[in-house]
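First comes the structure, then the notes that go with it.
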Amino acid sequence: MEWKLDDNRPIWIQLQEQLTRKILSGWYHAGEKLPSVRELAAEAGVNPNTMQRALAALDNDGLTVTNRTMGRTVTEDGAILEGMRRTLAENIIRQFYDSAAELGYTEEQALALLKRRNG
């Protein structure tokens, strides 16, 4: 997994966002065991404490489940996964419409641009 981090925002939040996208896109499947904190931290080039903070946030969001004997796995709760996927998509759509509005497009014009892009 390629990690894209910048210094403008807290690193743990960026890690959380990237892991969330990997889970919601199916990179990590429901019920799949995640690599250890140390493995993920080494891969991302960050301190293990920073990665642990990001993973704890995923636990709090319900995307992952921690078991002392099995490690951390992706939740198998399809409702949580679908709800988070929908929320993320809605945020992306809202950002698109807000950006289009800043350029002077109405919501209908922005939608027409999307349809033309896919058509």
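The values are calculated or read from the model by the stated rules, or taken from the named source; none is laboratory data. Owing to the predicted nature of the structure, the values given are computational and were not obtained by experimental measurement. Cβ coordinates were reconstructed from backbone atoms using ideal geometry, including for glycine residues, and neighbour counts include every protein chain displayed. Note: accessible area is taken over every heavy atom of the protein model, side chains too, but ligands, DNA and RNA are not part of it. Shrake-Rupley method; radii C 1.70, N 1.55, O 1.52, S 1.80 Å.
Residues in the range 17-32: is at least one open to solvent by 60 Å² or more (accessible area, probe 1.4 Å), basic (Lys, Arg) and either closer than 17 Å to Thr66 by Cα or in contact with a Lys or Arg (Cβ under 7 Å, 6 or more places away or on another chain) (or both)?
no
Of all residues in the range 81-101, how many are more than 13 Å from the chain's Cα centre (by Cα) and surrounded by 14 or more Cβ atoms within 10 Å (Cβ to Cβ)?
Of the residues in the range 81-101, 3 are more than 13 Å from the chain's Cα centre (by Cα) and surrounded by 14 or more Cβ atoms within 10 Å (Cβ to Cβ).
Going through Thr20, Thr87 one at a time, which residue ends up being polar (S, T, N, Q), part of a helix (DSSP H, G or I), over 19 Å from Leu5 (Cα atoms) and out of contact with any Gly (no Cβ under 8 Å at 6 or more places or on another chain)?
The conditions single out Thr87.
Of the residues that make up the range 70-78, is at least one surrounded by 12 or more Cβ atoms within 10 Å (Cβ to Cβ), at pLDDT 95 or above, under 16 Å from the mean Cα position of the chain (by Cα) and not in a loop (DSSP other than H, G, I, E, B)?
For the range 70-78, residues surrounded by 12 or more Cβ atoms within 10 Å (Cβ to Cβ), at pLDDT 95 or above, under 16 Å from the mean Cα position of the chain (by Cα) and not in a loop (DSSP other than H, G, I, E, B): present.
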